[in-house]
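The values are calculated or read from the model by the stated rules, or taken from the named source; none is laboratory data. Owing to the predicted nature of the structure, the values given are computational and were not obtained by experimental measurement. So basically every Cβ, Gly included, is an ideal-geometry build from the backbone, and we count neighbours across all protein chains shown.
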Amino acid sequence: MRLSYRPKRGSLVDRYFSFITRRSPFDALVFHIAVALVIGGLLFLLISINKQYLTTIPTNGGTLVEGIIGTPRFVNPVLAITRADQDMVELVFSGLMKLGEDGELKNDLAESIDLSEDGLTYTIKLRNNINFHNGEPLTAKDVVYTIALIQDPDLKSPLRGNWDNVVVEEIDDETLTITLKEAYTPFLENLTVGILPKKLWGELPIEQIPFSQNNTEPIGSGPYRVVGALYTPYGLINAYQLTAFDGNGEQEPNISNLVFNFYQNETGLLAALKDRQISGTPSLSSEALASLDKKDYKIIQQPLPRTFGIYFNQNKNTAMRDLVARRAMSVAIDRNQLVQDILYGYGIPTTSPIPPGFLEVELDATSSSTNKELTNIEEAKQILEDGGWTRNDDGYWYKKIGEEDAKLTINLSTANSDIFSQTAENIAESWKELGVDVTVSQFEQTDLIQGIIRPRDFEAVLYGADIGRGIDLYPFWHSSQKNDPGLNIAQYTNIEADSLLVTVRTETDKTKKEDAIKSFARIIKSEYPAIFLYTPTFGYVVDNDVHISSLKKMSKPSERFANVQNWHVKSNSVWPVFSNMTIFNN
């Protein structure tokens, strides 16, 4: 047998240096540079590809510190009134339904909600194995108890009006029915109310409930539970610490801990934000938001279902009976400038009774002016001239309306708070430039409501209307609501509009309901019983490293926490194939 022998070849590195030693110094340098460029190019290519295809996924852990103006007193869904109360309630308690990331209501504690054909009875099935933070199971008894507490007249819950003439019955531990006197599709909004544990509250007499320690040491079934509190020397809550809770069968929140520091005024809150003592706040005014350095924070804006507008009382002012006059006064207002001057840009101009952002198809542009070659004032003057108004030597407009020679004059009533008084003065300046004889009357909020709005003792009133996410315009515009306590302060009457408003309240088909809302809005916009101005936006400030889920169609600021379990302050970058794997960060 013949054996062959081959010498062992050196490693790649050895061969590289052997090759180099056989070259001249200049050739060796050139070769080194060429190799370095090739390797550097490959590394750059790999890093670029890696960045392009990597995806960021949230990881568990971290703490979010938020600052809020106010002091929580009733961390209790039945009694919560202030924004501090409502913020804590949203985190500590859960309801049968909640706001989804798409802006639509979805089941929370409820596994299913079935509505009877007549639209009167909701049959609700709860999810299995739901627990309160103290480990006690949550059953239909707790739901029935919570609603009964709201309905008790002696407790004076701010939610009581939402549950008038509603009958709630327990079928078994996981099933209950809710029956209405009349079909009312926006009623589903009421099912977001947090549920109290009957075992903890049920033994208390009704008169003791507002004074119970349970209001500041709450036990709920929400995504976070209270684990600590700091008190002032006077016994008021100064801070809360919450930790993630996963005992209700839902996804455990990504952020492990939440801390809430409470401040007495905006000055202290703003200082804490700029000193990095807190990670975010929902409590800053538009002016304070505008003062922030946008490089340091994210400012998230979302409209709330509120519209600011001027409502006319045509019974008190002859000139306001003329459609041409009302239209001209609407066109004269530069809404974009109004939002910039009064809200520092934190608002949305509108000419519609529907708050912007609450229908898939928007109903109006941001300006009521239709002729872009003319200024708002010039176009408004043209409308008056074409409509038969004559401007006299005194600078004011006159027109014969019926048997009366009417002068275009108006007294505008409003509250004496900053936003209302500034808005009123801004509009008055525009109307005076148009040639309207304007006076502004300002009142304390209570006096405005009791002495001006309720008895309908005004020519025009600047006021804000909270429409609600369900866009229930019936209380504000149906002819049956013309007189107090109805909210139809313009005393508007239109048979077609009345029919559409009833449809909005009773129609279960989403498309038909939205079509009715839009048809109603077109009628209002054509008749100008009111002039709509703007919708203020909710501004939420957070550090750049805080990642929050989508905010859409919120009815109140506390609903920013509706999907808080998806927020995160920590994350990892992984290849997409690993993105569905759970990664924990200790």
Just checking, does the range 519-532 include any residue being in a loop (DSSP other than H, G, I, E, B) and buried (at least 19 other Cβ atoms within 10 Å of the Cβ)?
yes
* Within the range 445-453, is there a residue that is buried (at least 16 other Cβ atoms within 10 Å of the Cβ) and among the charged types (D, E, K, R)? -> no
Can LEU258 be described as assigned by TED's automatic domain parsing to the domain that holds ASP85, in contact with a strand residue (DSSP E or B) (Cβ under 9 Å, 6 or more places away or on another chain), over 30 Å from GLU385 (Cα atoms) and at pLDDT 95 or above? yes
LEU289 passes all but one of the listed conditions (1) under 26 Å from the mean Cα position of the chain (by Cα); (2) surrounded by fewer than 17 Cβ atoms within 10 Å (Cβ to Cβ); (3) within 29 Å of THR537 (Cβ to Cβ); (4) modelled with pLDDT under 95; the exception is number (2)
Would you be able to say whether some residue in the range 396-414 is crowded, with 17+ Cβ neighbours inside 10 Å and closer than 30 Å to MET554 by Cα? yes
In the range 218-230, residues that are over 14 Å from VAL75 (Cβ atoms) and either surrounded by fewer than 24 Cβ atoms within 10 Å (Cβ to Cβ) or in contact with a Lys or Arg (Cβ under 7 Å, 6 or more places away or on another chain) (or both) total 1
| query | Yes or no: GLU182 in contact (Cβ under 8 Å) with a residue 40 or more places away in the chain, farther than 21 Å from THR82 by Cα and not in a helix (DSSP H, G or I)? | reply | yes
For the range 415-438, pairs from a residue that is touching a residue at least 24 places away in the same chain (Cβ under 8 Å) and closer than 13 Å to MET329 by Cβ to a residue that is basic (Lys, Arg) and in a helix (DSSP H, G or I), with Cβ under 9 Å and 6 or more apart or across chains, are LEU434/LYS381; GLY435/LYS381; VAL438/LYS432
The residue that is nearest to the chain's Cα centre (by Cα), considering only those in the range 517-558 that are under 18 Å from GLY309 (Cβ atoms) and β-branched (Val, Ile, Thr), is THR537
Filtering the range 92-149 for residues that are among the small types (Gly, Ala, Ser), part of a loop (DSSP other than H, G, I, E, B) and either touching a residue at least 12 places away in the same chain (Cβ under 8 Å) or buried (at least 17 other Cβ atoms within 10 Å of the Cβ) (or both) leaves a count of 6
If you go through ASP466, ASP484, the only one that is in contact (Cβ under 8 Å) with a residue 40 or more places away in the chain and surrounded by fewer than 20 Cβ atoms within 10 Å (Cβ to Cβ) is ASP466
Please indicate, with yes or no, whether at least one residue in the range 164-174 is touching a Gly at 6+ places or on another chain (Cβ under 9 Å) and of a type in the set (Val, Ile, Thr). no
Requested in this report: Answer with yes or no whether LEU200 is at pLDDT 95 or above, part of a helix (DSSP H, G or I) and in contact with a helix residue (DSSP H, G or I) (Cβ under 8 Å, 6 or more places away or on another chain).
Outcome: yes
Within the range 76-105, restricting to residues that are of a type in the set (A, V, I, L, M, F, W, C) and in contact with a strand residue (DSSP E or B) (Cβ under 8 Å, 6 or more places away or on another chain), the one that is nearest to LYS274 (Cα to Cα) is ALA84
Exactly one of PRO205, PRO153, PRO233, PRO218 is in the same structural domain as ASN107 (by TED's automatic domain parsing) and touching a residue at least 40 places away in the same chain (Cβ under 8 Å), and that one is PRO218
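Quick one: would you say PHE538 is at pLDDT below 95 and of a type in the set (Phe, Trp, Tyr)?
The answer is yes for PHE538.
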_Residues that are over 30 Å from ILE531 (Cα atoms), of a type in the set (Ser, Thr, Tyr) and modelled with pLDDT of 95 or more: does the range 237-253 have at least one?_
yes
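Of all residues in the range 179-215, which are among the β-branched types (Val, Ile, Thr) and within 17 Å of LYS98 (Cβ to Cβ)?
Result: THR192, VAL193, ILE195.
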Selection from the range 244-279 of residues under 24 Å from the mean Cα position of the chain (by Cα) and within 13 Å of GLN565 (Cα to Cα) yields ALA244, GLU250, GLN251, GLU252, PRO253, ASN254, ILE255, ASN257, LEU258
